[in-house]
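Engineer: Handing you this structure, nothing more for now.
Rule-based calculations on the coordinates, nothing more; no lab input. Treat the numbers as computed from the prediction; the structure is a model and nothing was measured. Every residue, glycine as well, gets a Cβ built from its backbone with ideal geometry; the counts of neighbours run over all protein chains shown.
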Ligand code: DX5
Ligand code: ZN
C-alpha cells in the first residue's frame, strides 16, 4: 500500500487586514505553516510587505516565504536572521538558480523553487535532488483571489511521477474543491489566502482543505 502523505496547510496572509495582523495570524494557528508573499512591484505588478513586517509576526507556525521579487538573493540573510523556515524563489527571477538554492541552504533554511503557470516542470528536473520543495503556481503570481488554472494539475501529477518524495506545494485559487483535485494529483502543501481568511470559521476552513 502506498504511504498516505501528510497534507500541510499554509494560509497566505496576503488577504488579511494588516491593521490587526497578529490577531489574523492567531486565527489560523491550527494550520501547519504561514505563507508570506513578498512582492516588489517589479517581478509582479503588486507590492506587499517585507522583512520589517514579517519581523513582528508572532506565531509558532513555520514561516514559509514566497519571494515574488527581482534579485531574491538580497533578502536571504535577513530572512534567515528572523528565523524563516522555508524560502521559495521563482525560477523566472534568477539566472543562477543552483547558486541561490545553495545560498538558501547555507543559511539553514529549506529551499524551494516556484514555477509560474507557463514554466514547464522539466526545467528543474536536474536540480530536484537539491530541493526540499517545489511550488506549482496555480495562478499568475501577484494577487490573491484569482481563479485556479487547471494546467497546474497536470504539472503536479508529472512532478509527482518524477519524484515521489519531494514536497509539492500549490498556490493560488485553492478552495475545498481545488484542494481535493491537487491532493489527488500528488500535492502535499496547500496554500490558501482568500478561502481561509474570508471564512467565518477559519479552523473549519483549514480542516476542509485536509480531507
Ligand atoms: C499570489 C500569491 C498567493 C495568494 C493566494 O501571487 O502567491 O499566495 O495569496 O491567494 P488565494 O488563495 O486567494 O488565491
Ligand atoms: Zn504565494
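Engineer: Express as a percent, rounded to the nearest 5, the fraction of DSSP beta bridges in segment 8-205 (both residues included) that run antiparallel.
Structural biologist: 5
Engineer: Okay, moving on. Over segment 101-155, what is the relative contact order in percent, taking alpha-carbon pairs closer than 8 angstrom and at least six residues apart?
Structural biologist: On the way: 59 pairs, mean separation 19.4, N = 55.
After rounding, I find 35 percent.
Engineer: Could I ask something else about it? Could you check the spin-label model distance between residue 4 and residue 18? Points 7 Å from the Cα along Cα→Cβ, value in nm.
Structural biologist: 4.0
Engineer: So how far, in whole Å, is the C-alpha centre of segment 99-114 from the one of segment 1-64?
Structural biologist: Computed from Cα coordinates, the inter-centre distance equals 19 Å.
Engineer: Right, something else. Over the residues of segment 1-144, compute the C-alpha Rg and express it relative to 2.2 N^0.38 Å.
Structural biologist: 1.03
Engineer: Hey, can you rank 8-21, 63-76, 116-129 by average C-beta count inside 10 Å, highest first?
Structural biologist: By packing density, highest mean first, the sequence is 63-76, 8-21, 116-129.
Engineer: Within 10 Å, count the other beta carbons around each residue, average over each peptide in 85-96, 139-150, and list them highest first.
Structural biologist: 85-96, 139-150
Engineer: With label points built 7 Å along Cα→Cβ from the Cα atoms of residue 82 and residue 199, find their separation and express it in nm.
Structural biologist: Roughly 2.6 nm, to one decimal.
Engineer: State the dimensionless ratio Rg/Rh of segment 82-211 (Rg: radius of gyration of Cα atoms; Rh: Kirkwood radius).
Structural biologist: Using Cα coordinates only, the ratio equals 0.97.
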